[in-house]
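What follows is a single structure, written as structure tokens, with notes after it.
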Amino acid sequence: MTQQVIPGVTSLRMEPDGSVRIGSAAHYSQFGPGGALTMLGTARVVKDIQISLSGLGKGAAAPGTIYLGNYMGFEFTSGDSVYYSAEVPYDWDESTDLLVELHWYVNEAVGDPVKEVAWELHYTATTETGTEAADAGSATIASGDIVIPTVAKHLTQTTLAIPFAALAHDDVLGIKIERVAIADGSAPTAKPVLVGAMIEYTAHALGEAI
């Protein structure tokens, strides 16, 4: 097929397998012979899975519930934890990490010396094929010591990345979010409060191919 030029489109071409690509050599959307859409480069999109507080199960050492303005949150003592599970999205681009974003605040200013908070994400990715135990393994992503904002109650985002090499499509992902002791320095007197979280991922398809 001769390459066709369409205004506003870098290129449109048909591949030997019958698929059609729209875009440049590195950044394009491709319709396969059966009509399935996949995307590469900047054609991909970022999606979020919202994790509400009601979707978080409290651990044996559980954070307390607190209210501030229009927010409900969980306030964490060191060692407190919450749990969440979800299936790895069908449209996830398997060459990219999954990002777990924590949204939290502390009702305390940074002070002198500075005050710090630390979080850990413990995760397990388990196949659903009946060939792997749900507790077969766990890995940990640490935030390190985070200096709290200079103004009390300012909302902060902490991002923890689960490496793509640890994941596969159709895996069930179990995660535990835990406040841990800082490595050194001073912790705030007030407890950090988690008001919500999300899983952010890069999508390169509309869903699972059928």
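Quick notes on this structure:
- Listed by Cβ neighbour count within 10 Å, with the fewest neighbours leading, T158, T140 appear as T140, T158.
- nm² value of the averaged projected area, convex hull over the Cα atoms of the chain: 15.9 nm²
- Ranked by how many other Cβ atoms sit within 10 Å of their own Cβ, fewest first, the residues S54, S24 fall in the order S54, S24.
- Here the Gaussian network model covers the chain, with springs between Cα atoms less than 10 Å apart; of A168, A60, A118, A60 fluctuates the most.
- In straight-distance terms, cross-link reach from K191 covers every one of the lysines whose alpha-carbon lies under 22 Å from its own, apart from those fewer than eight places away in the same chain; here that gives K58, K115, K153, K176.
- Selection of chymotrypsin sites (Phe, Trp or Tyr not before Pro), segment 60-154, meeting DSSP coil and at most 14 other Cβ within 10 Å: Y90
- Within-10-Å neighbourhood charge of G79 [Cβ basis; K, R +1; D, E -1]: -1
FYI, it's all coordinate maths here, none of it is from the lab. Keep in mind it's a predicted model, so treat the numbers as computed, not measured. Using ideal geometry, Cβ is built from the backbone for each residue, glycine included, and neighbour counts are taken over all protein chains shown.
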